[in-house]
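S.K.: Before anything else, here's the structure in question.
Rule-based calculations on the coordinates, nothing more; no lab input. Remember, it's a predicted structure, so these values are computed and weren't measured experimentally. Here the Cβ positions follow ideal geometry from the backbone for every residue, glycine too, while neighbour counts run over all protein chains shown.
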Amino acid sequence: MTYAVLVALDLLMVGILTFGLYFRRHHRRDLVVAFLGVNVGVLAVSMVLGSSTIGAGLGLGLFGVLSIIRLRSDEIAQHEVAYYFSALALGLLAGLGSTLSVLSISLMVLILAVMFVGDSRRLFPRHRQQSIVLDRAFTDEPALTAHLEQLLGGRVKQVQVKSLDLVNDTTVVDVRYTVPDARAAAPAVESVLASAVGR
């Protein structure tokens, strides 16, 4: 009976993580399958291993092996890595516990709460990140920053040149920047529209 409750609790938690948080925010179907499959697989194996004295060590080893295999098999974004590890952790917490403890439930809820807050669009809503290919070769960083700010309409916080091709006259950059506050941008938009109408 206890195992059935643990399985039900894990399925509830991973369901909230996958459908309530990840898919609702990012809409990538293939990773939904990955999160669910990995979670249930780890849950099943860790439940079997948890009955032995070396189960916890083997469970952590399984955690590491699955992580290496999954992360080497396909390129995923950093927030998706966080969801992946959260799904693994939920499966281990439910599978390695022989009884339903307050600690296990609290840790599961904590994982969901951290992902809810950490992946919220309300957290640093003005901050953006882009990888951009520019049709000019910039060797001067201030000129590059000024060009990016004009192009993106925001303030550049950090820029890293990934590739500089002087032959083909291109620059590949990774840029972190902030966009104007929507409330501050509204008067500017209205001003532009008023000017256009006046013409």
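S.K.: Using all Cα-Cα distances in the range 119-187, what percent lands in each 5 angstrom bin from 0 up to the longest?
M.R.: 4, 16, 26, 22, 14, 9, 7, 3, 1
S.K.: Additional query: Taking the Cβ of G154 as the center, what net charge do the other residues with Cβ under 12 Å away carry, scoring Lys and Arg +1 and Asp and Glu -1?
M.R.: Values: positive: R126, R128, R155, K157, R176; negative: E149, D181.
Every neighbour counted, the sum reads +3.
S.K.: For the range 1-39 and the range 96-161, write down the distance between their C-alpha centroids in whole Å.
M.R.: Between the Cα centres of the range 1-39 and the range 96-161 lies a distance of 24 Å.
S.K.: So how much slack lies between R28 and R122, counting 0.36 nm per residue of separation and subtracting their Cα-Cα distance, in nm?
M.R.: Working: separation 94, 0.36 × 94 = 33.84 nm, distance 2.05 nm.
Using 0.36 nm per residue and subtracting the Cα-Cα distance, I get 31.8 nm.
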